[in-house]
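What follows is one structure encoded as structure tokens, with my remarks underneath.
The values are calculated or read from the model by the stated rules, or taken from the named source; none is laboratory data. As the structure is a computational prediction, the values presented were derived from the model and not from experiment. Cβ coordinates were reconstructed from backbone atoms using ideal geometry, including for glycine residues, and neighbour counts include every protein chain displayed. Heavy atoms of the whole protein, side chains included, go into the accessibility calculation; ligands, DNA and RNA do not. Shrake-Rupley method; radii C 1.70, N 1.55, O 1.52, S 1.80 Å.
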Amino acid sequence: MVDEIENELTRIVPLPDEAATRALGAALSLLVRPGDFLALKGDLGAGKTALARALIQARLGPDGEDEEVPSPTFTLVQSYEAPDLLLTHVDLYRIDQPEDARELGLADALDEGVLLVEWPEKLGTLPADRLDIELVLVSDSAAQGASREARLTPHGSWAPRLAGLQDGRS
Ligand SMILES: Nc1ncnc2c1ncn2[C@@H]1O[C@H](COP(=O)(O)OP(=O)(O)O)[C@@H](O)[C@H]1O
Ligand SMILES: [Mg+2]
């Protein structure tokens with residue numbers, strides 16, 4: 001589901017398999033810094049949690065893959081301390097109204113570190129400075145199945161920074 005008109009800055013990254021999603025997460029982990037808001041959009045099962053997990057594990061360092069990064073579906077908020085950065089992973093699917101999100105302490109988490117937010121639409125308004133990451137299932141006629149892609153749309157400071165994103169493949 002595309003809920004926003006993409007602009008000319010939107011960058012599309014094909015995600016044919018989970019390795020590609022991990023590579024994108026690793027590439028993004030090199031770009032994030034305190035105050036960053038990453039809006040993870042897309043339907044259930046699109047891969048929002050998988051991408052957040054990849055980013056967090058990469059940023060945690062060489063042993064990051066040993067760290068369990070569960071979906072915050074029920075806890076709503078999970079925090080991780082990377083050596084130089086606090087990463088807060090949020091899933092707002094179960095939030096009914098923007099006011100209910102207030103007690104989650106997201107403003108403080110954003111002051112101190114990076115916010116990775118699934119179902120950001122539930123907040124009503126989003127920070128003007130952010131990276132929108134929409135994960136989309138696309139039909140892949142060659143493989144006769146579903147493939148995925150990420151549509152990255154930068155806002156504010158992310159426009160020049162996204163230009164530094166390495167292509168997912170290494
Ligand atoms: N290229 C891919 N990227 C991410 N997930 C993938 C990919 N291909 C298959 N999957 C599977 O799709 C599912 C995505 O689930 P999840 O990340 O929890 O979605 P969401 O958080 O958007 O609801 C996982 O079961 C994962 O194994
Ligand atoms: Mg999820």
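Remarks
- The listed residue being more than 16 Å from Pro154 (Cα to Cα) and within 12 Å of ligand 1 (Cβ to nearest atom), out of Ala20, Ala101: Ala20
- Thr49 vs. criteria in contact with a helix residue (DSSP H, G or I) (Cβ under 7 Å, 6 or more places away or on another chain), within 10 Å of ligand 1 (Cβ to nearest atom), open to solvent by 10 Å² or more (accessible area, probe 1.4 Å) and in contact (Cβ under 8 Å) with a residue 12 or more places away in the chain: no
- Summed over segment 80-117, the residues that are more than 14 Å from the chain's Cα centre (by Cα) and free of Cβ contacts under 8 Å to residues at least 60 places away in the same chain give a count of 24.
- When every residue of segment 52-65 is checked against the conditions, none turns out to be open to solvent by 10 Å² or more (accessible area, probe 1.4 Å), in contact with a Ser or Thr (Cβ under 8 Å, 6 or more places away or on another chain), within 16 Å of ligand 1 (Cβ to nearest atom) and under 16 Å from Glu134 (Cβ atoms).
- Filter result (open to solvent by 60 Å² or more (accessible area, probe 1.4 Å) and more than 13 Å from ligand 1 (Cβ to nearest atom)) within segment 75-98: Thr75, Ser79, Glu81, Pro83, Asp84, Asp96, Gln97
- Which listed residue is closer than 21 Å to Ser71 by Cα and among the aromatic types (Phe, Trp, Tyr), from Trp158, Trp119: Trp119
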